[in-house]
Amino acid sequence: MLLSFSATRLFLLFFAATVAVLSFQRGKIRDQHKPSSLSATFSGTSRPQRMKRMAIGSSYLSTLSLYLPSSFGRERRTSSRRIVPHSLRGRDSSDPEGDFSETIESRIYREWRRLPLQPYQLRETTVDEVVPGQVFSLEQQLGVFDVVVNIRMTVLVVEGGLAVVNPIAPTKECVEILHKLEKKYGGIKYILLPTTQVEHKIYLEPLSRQFPSAQVWGVGRQWSFPPFPLSLIGYYPSKISGILRDTTSSEEEFPFQQDLEIKLLDIALPGSIPTPFQEAAIYHKRSKSLIVTDAVVSIPKEPPRIVSSSPSSLLKISGVWSSPSASSSPKTMFLNEVEAADSPQNTAQNRREGWAKTVLLACFLSPSSVSKELREFLDEGFVWSSGWEKTFQALISPSLIVSPLVSELVFRPQSQQVRSWAENVAEWPFRRVIPAHFGIAQRSGPKEFLRAFAFLNDESDASYKSTAGSTLSIPGTLKEDYSILQIIANAAFGKKSGA
């Protein structure tokens, strides 16, 4: 969701390029008056500030590679060095000798440069049983600028096997988990891609390669920029089994129709170049579960297990941890996470604070409580003022919300179609909602789902109104929280959003 939309991606790319140029110019000016050396470039600042600048600058430069051609996607396979640091011995009960080389090797994703987001090539996978014997959640990390959240692949038990919804990076560890599920419930019959968003479809082709007998189904209006064939740039397999459409209105029969129903949101975002946006809501009849991608989210108070297990990003966002290394080497990344996990700063309170601020950045890009001063950002990273706790509380109070990133950049411009789709989805008798990010909304049904879209109603409740009279997508938030999203919406769509 962090890089779901073209306008947001362009904004982040422009921002990263601007910071990189300013950083270069700043160093160039200093070099005219001081000796040409690294220490001279950073003279006049404290050591922690220099370390943070090096880390932040390296992160910007790595982000500029987001639009590298996908031909760079497959990395040459190298042998894994055995890592046996004395300080790590005994940390893994399954590896009493302290040799983590096999663990690291099982988490390496060698095609990470197709979409080079954190955690780059080292991707841990966790698995949870959402509904015993029926629904499973496999999660990895996904982020940029240390704003790291979870990305979820849902595995559903269907007649004769399994259906996989929203692929994630098929590392050896991830594939082994799927093989274990196959042994118990049958082979993977279907791989479903219910979205047009790049951070989900980028893994469709690699996962389908691991399970060649599975049928691949996806929504139909897929696109890329530049407009190359998706199979050429590695997003899509060369052949797919079919297109996901409304099972309730289509005359076409789907092989999974006994177990799954689908209702499709199909809109085009306005602008000089209309951008297709599709999301298929999937209803799993056996478990009475609703599976969505980005339409709604459930924000947990505690960070997801996959995020807190590698806590360096949470600790950086909370402001208590700084690492000068920006290396994407699996060994360096792994040891950096171990160092962060072992640090005195790795407390439950610091992780909670880091998670709350991460959520605000992921949902608003630049909430009102974050400093907009570029110099402060270069010196110290994200600088927070009071008020962020209240905004985070507003996000976690409802069981389901529409993320402001989605509400302002996607749903408001097509409010009537979105509202009609939400009402159709609410006709299913689901008992839980499983999004592709953040938490799972257990004991949430049609009523809670519709409440998340209340901001689209013509006569919204007074709690959705700001002091200026505009409609907020989430009660309790501030109009100022949406300022950056409004700027992007105005630039992309040529008109003001509703917040």
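The values are calculated or read from the model by the stated rules, or taken from the named source; none is laboratory data. Bear in mind the structure is a predicted one, so any value in this text is a computation, not a measurement. FYI the Cβ positions are ideal-geometry reconstructions off the backbone, even for glycines, and counts take in every protein chain you see. Note: accessible area is taken over every heavy atom of the protein model, side chains too, but ligands, DNA and RNA are not part of it. Shrake-Rupley method; radii C 1.70, N 1.55, O 1.52, S 1.80 Å.
Here are the numbers:
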quantity	calculated
Computed label-point distance, nm, for sites Asn490 and Lys288 using a 7 Å Cα→Cβ extension	4.7
Extended-chain gain in nm, criterion 0.36 nm per residue less alpha-carbon gap, Glu129 and Asp246	39.3 nm
Solvent-accessible area, 1.4 Å probe, carbon plus sulfur percent, for the stretch 285-345	50
Protection proxy ranking, peptides 305-318, 371-384, average beta carbon neighbours within 10 Å, highest first	305-318, 371-384
Segment Glu302-Leu450, extension gain: residue separation times 0.36 nm, minus the distance between their alpha carbons	50.8 nm
Gyration tensor (alpha-carbon) shape descriptor, the stretch 295-441, a/c threshold 1.5	prolate
Gain in span if fully extended, Ser238 to Ser386, counting 0.36 nm per residue against the direct Cα distance	48.1 nm
Probe 1.4 Å, accessible area per residue of the stretch 294-353, Å²	40
Inter-site label distance for Ser309 and Phe377 at 7 Å from Cα along Cβ, in nm	3.2
Spin-label model distance (nm) - Ser420 vs His179, 7 Å beyond Cα toward Cβ	4.8
